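Colleague: Take this structure first; my questions come after.
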Amino acid sequence: MTVLEIKDLYVEVTNDENEKEEILKGVNLVVKTGEIHAIMGPNGTGKSTLSETIMGNPHYEVTHGDILIDGESILPLTVDQRARKGLFLGMQYPAEVPGVTNTEFIRTAMNERDPEHKISIKDFIKKLDYTMDLLHISEEFEERNLNQGYSGGEKKRNEILQLMMLEPKFAILDEIDSGLDIDALKIVAKGVNSMRSDRFGSLIITHYQRLLEYIKPDFVHVMMGGKVIKTGSAELAAELERVGYDGFKEEL
Ligand code: ADP
Ligand code: MG
Ligand code: MG
């Protein structure tokens, strides 16, 4: 078992007026492999800030607290080093990368993540074919440039393809459901559910409860005002749907 721990985390960003703004105000969270956690919260509450900070985006400055994997701080590590530790971030707004095909990108990422166990072309293709099938991704996609000209739904499915190919220990999935129709949503959920094992943990960030009908989380956290204000079981997501975020204001 591997443990990802967020400990009393405070994070600042520099805004457009060049002033520092505190976004995260003491986030505590423990995710273990084998567990799926959902974080729900209104817009602007710091969910993406949390995911970018875990992955090591230098734009986000940790002013207090720590992020640890198996008790060891990962704060000194770069994004690449964190990826090698087994972290994966599926972004809310994935970047388009001209000049790099999907296939090249995935294969390079796999080999960089685990340079001592490079995958053979034959095994890579086998795994890619199988995974693309499962996610209903057509073959022409392999030679297309990374995310370029993709619809929102295609980008999200591509994120899940990367996830399934890379097999990280922890996946942070930031609003992978946004802009998806119900069929695409089901496919994305199928991909994530296929990853479920005692070697995989996930932090699923979502604005809506809908995704959680297809990916059953073990824990649900409500985030408001830059911290986790409530933690519960999958039931909490349903409660949230009923009372809305306003119903949780008194917890702040
Ligand atoms: P959420 O994902 O919950 O909608 P975000 O983490 O995207 O929230 O944003 C939280 C707050 O932090 C917002 O007020 C947003 O404007 C600010 N913020 C987030 N990222 C940046 C950034 N890179 N630069 C400046 N401000 C940011
Ligand atoms: Mg947002
Ligand atoms: Mg966000």
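Here, each number is a calculation from the coordinates, and none is a lab measurement. Quick caveat, the model's predicted, so the values are computed rather than measured. Every residue, glycine as well, gets a Cβ built from its backbone with ideal geometry; the counts of neighbours run over all protein chains shown.
Colleague: Which whole-Hz ³J(HN,Hα) couplings does the range 154-163 yield from phi under the Karplus relation 6.51 cos²θ - 1.76 cosθ + 1.60, θ = phi - 60°, glycine and proline marked x?
Modeller: Working through the residues one at a time gives 5, 4, 5, 5, 5, 4, 6, 4, 4, 4 Hz.
Colleague: If you find the alpha carbon centre of the range 97-152 and of the range 213-247, how far apart are they in angstrom?
Modeller: Taking the Cα centre of each part, the range 97-152 and the range 213-247 sit 34 Å apart.
Colleague: Would you mind checking LYS47/LYS156; LYS186/LYS216; LYS32/LYS127; LYS7/LYS249 for any pair whose Cα atoms are more than 21 angstrom apart?
Modeller: Working: LYS47/LYS156 18 Å; LYS186/LYS216 12 Å; LYS32/LYS127 26 Å; LYS7/LYS249 23 Å.
Cα-Cα > 21 Å for LYS32/LYS127; LYS7/LYS249; rest within.
Colleague: Work out from phi, with θ = phi - 60° and the Karplus expression 6.51 cos²θ - 1.76 cosθ + 1.60, the ³J(HN,Hα) of each residue of the range 183-196, listed in order in whole Hz, and give x for Gly and Pro.
Modeller: Running phi through 6.51 cos²θ - 1.76 cosθ + 1.60 with θ = phi - 60° gives 5, 5, 4, 5, 5, 4, 5, 4, x, 5, 4, 5, 7, 3 Hz.
Colleague: Turning to a different aspect of this structure: Taking only C-alpha pairs under 8 Å that are 6+ residues apart, what is the relative contact order of the range 39-99 in percent?
Modeller: Values: 31 pairs, mean separation 18.0, N = 61.
That works out to 30 percent.
Colleague: Which cross-chain or sequence-distant (5 or more) residues have an amide H under 5 Å from the amide H of ILE172, H modelled 1.01 Å from N in plane?
Modeller: The answer is PHE88, LEU89, GLY90, LEU203.
Colleague: Considering only DSSP beta bridges with both partners in the chain, what is the antiparallel share in %, to the nearest 5?
Modeller: Working: 27 of 45 bridges.
DSSP beta bridges in the chain are roughly 60 percent antiparallel.
Colleague: Could you calculate, for the range 134-252, the ratio of the Cα radius of gyration to the Kirkwood radius, expressed as Rg to Rh? Can you show the working numbers first?
Modeller: On the way: Rg = 15.7 Å, Rh = 15.6 Å.
With Rg and the Kirkwood Rh in hand, the quotient comes to 1.01.
Colleague: Return the long-range amide H neighbours of PHE200 (sequence gap of 5 or more, or a different chain), with a cut-off of under 5 Å between placed amide H atoms.
Modeller: Excluding prolines and chain starts, which carry no amide H, the hits are GLY34.
Colleague: Right, here's the next one. Starting from the Cα gyration tensor of the chain, multiply each eigenvalue by 5, take the square root, and state the resulting semi-axes largest first in whole Å.
Modeller: They are 29, 21, 18 Å, listed from largest to smallest.
Colleague: What is the Å³ per residue value for the convex hull set by the Cα atoms of the range 1-129?
Modeller: 156
Colleague: Here's something else I'd like to know. Around LYS227, which amide H atoms from residues at least 5 apart in sequence, or from another chain, sit under 5 Å from its own amide H, with H modelled in the peptide plane?
Modeller: LYS25
Colleague: Show me 71-81, 5-15, 159-169 ranked by packing, highest mean number of other Cβ atoms within 10 Å first. If you can, show how the numbers build up before the last one.
Modeller: Numbers: 71-81: 12.5, 5-15: 17.2, 159-169: 20.7.
Descending packing order for the listed peptides: 159-169, 5-15, 71-81.
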